[in-house]
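Please treat every number below as a calculation from the coordinates, not as lab data. Since the structure is predicted, the reported quantities are computational estimates derived from the model, not experimental observations. With ideal geometry, Cβ positions are generated from the backbone for all residues, glycine too; neighbour counts draw on all protein chains shown.
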Amino acid sequence: MGTYHTPLDLVRARSPERPVALVRPDAVAIAGAWFQEHFQGDVLYAVKANPSPWVVKTLWENGVRGFDVASIPEIELVSEAAPEAKMAFMHPVKSRRAIARAYFDFGVRTFALDTHEELAKIRAETGGADDLNLIVRMAVSTEGAQYSLSGKFGVSPEEAPSLLLAARRATQDLMGVSFHVGSQCMRPTAYQAAMSQASRALVRAGVLADVVDVGGGFPSVYPGMVPPVMADYVDSIHRGFAEMMVHETTELWCEPGRALVAESSSILTKVELRKGDALYLNDGSYGTLFDAAHTKWPFPVKLVREDDSGAELKPFRFYGPTCDSLDHMPGPFWLPEDVAEGDYIEIGMLGAYGVAMNTRFNGFGDNDTVVVGDAPMASMYGLAPRSIPTRRVEEQEERKVVRFSRVKGGKRRRRK
Ligand SMILES: *Cc1c(COP(=O)(O)O)cnc(C)c1O
């Protein structure tokens, strides 16, 4: 990986033909350190958000000791990049072979499950081991999240007590409960609400949990989606934990993915053609822009050009490089109206579920990666403003802030 001070320095030096992932390890370090300092429990990084070795290494160097993995390749990655890390296999549906390899070859002891059948698989494939940490994944109501993660996994509140009891009986070691409030959760109190749902199931089962794992869902900043400050989220979790009936040594865990990596990476793309308000780029929905295409998130953009022409900002749509017409990102992306073929555009906030989603479809996706030293476009940790600097987007954000001020009883004042 080369290193450049700014994206413009990279353009000057290399005029890159292929998309370049611009990475900021300091942003990951600061996010990891923030969670280590403020979350009163164990922080496990959800590797799927960005499975780059430099991310795992940077988090390890900044005190993050746990990693939430979902497959053998993710386990291999973590054991190479951070050999002493504690791994938790948090996918509720695992292949038998993966369970056995995780336990016997990689020393994984923590496994998630949401059915009696998966519990039986874990017991069988670990040879009836009595040193397992068994975490029961519950489905919780996910109001306030942009992406639900309860549609596919999680035992229902009605069925949870019998599974919690079975897990309790199956291990001498830790039995825990976990949930996922949904990704990009805009409402801190969702955690407290989920914890009280979990608490009710534990009480009905008549067991105490040794681990309460509040999952991921911690947000980042995107245009039109400016969440409350991160401290509000950990406060809600700490309040929820204080209200749970647990024993003195019960551990509190969280599994942030997005919040640790989103702001750390952006992508530098090149305009191959302009047709009116449509820009044909060398990266798209099969590259790092899956969310921009399929959930229509309007990621923040910046023209990377020698001189600012002072042209007015106009809304643009993007097309990606493949021949598939689904390769379309509607935006709107606000760029100077004189943007033209050959210009470079930096698309920000793609460190989570952006660079991780890149494919080789149609012969594209062979991207470069370089380290840059400038700030992310927006930040939850004070590295940049907590908003995206284009006029239209600020108007949208203001509407959001006003909505949250109602939720919070009007304490948060309208921003100027
Ligand atoms: C994806 C995932 C996470 C991370 O979610 P974010 O919304 O990125 O924080 C955490 N835990 C589990 C089990 C997941 O599947």
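Below 8 Å between Cα atoms, with a sequence gap of 6+, how large is the relative contact order for the chain in percent? Relative contact order, the chain: 20 percent.
Taking Cα atoms only, the orientation of helix 116-125 departs from the longest principal axis of the chain by about 80 degrees.
Tally Lys and Arg at +1 and Asp and Glu at -1 over the other residues with C-beta under 15 Å from the C-beta of residue 111: what net charge comes out? Local charge sum for residue 111: -3.
Each residue of region 99-104 is assigned a 3J(HN,Hα), and the resulting list reads 4, 5, 5, 4, 6, 7 Hz, derived from the Karplus form 6.51 cos²θ - 1.76 cosθ + 1.60 (θ = phi - 60°), x at Gly and Pro. For the chain, a Gaussian network of Cα nodes joined below 10 Å ranks 123, 97, 65 by mean-square fluctuation, and the top entry is 97. Positive end of the charge dipole of the chain (Lys, Arg +1 and Asp, Glu -1 on Cβ, about the Cα centre): tell me which of 59, 189, 357 has its Cα farthest that way. Ranked along the dipole, the leading option is 189.
Shown in residue order for region 22-39 are the 3J(HN,Hα) couplings computed by the Karplus curve 6.51 cos²θ - 1.76 cosθ + 1.60 at θ = phi - 60°: 9, 10, 10, x, 4, 5, 5, 4, 5, 5, x, 5, 4, 5, 4, 7, 9, 8 Hz (x for Gly and Pro). For residue 359, the residues 5 or more places off, or on other chains, whose built amide H falls under 5 Å of its own are 287.
When the C-alpha to C-alpha distance is required to be over 32 Å, the pairs from 121/296; 152/275; 152/296; 48/302 that qualify are 121/296; 152/275.
Residues whose amide H falls under 5 Å from that of residue 384, counting only those 5 or more places apart or on a different chain, are 379, with hydrogens built in the peptide plane.
For region 240-245, 3J(HN,Hα) computed residue by residue from phi via the Karplus equation (6.51, -1.76, 1.60; θ = phi - 60°) reads x, 5, 5, 8, 7, 8 Hz, glycine and proline entered as x.
Computed over the chain with a Gaussian network model linking Cα atoms closer than 10 Å, the most mobile of 131, 26, 235 is 131.
Comparing mean-square fluctuations of 274, 169, 317 from a GNM of the chain with C-alpha springs under 10 Å, the top value falls on 169.
Using Cα centres only, tell me the gap between region 52-131 and region 270-294 in whole Å. Going from one Cα centre to the other spans 36 Å.
Backbone amide hydrogens, once placed in the peptide plane, bring residue 138 within less than 5 Å of 155, 178, 179, excluding anything fewer than 5 places away on its chain.
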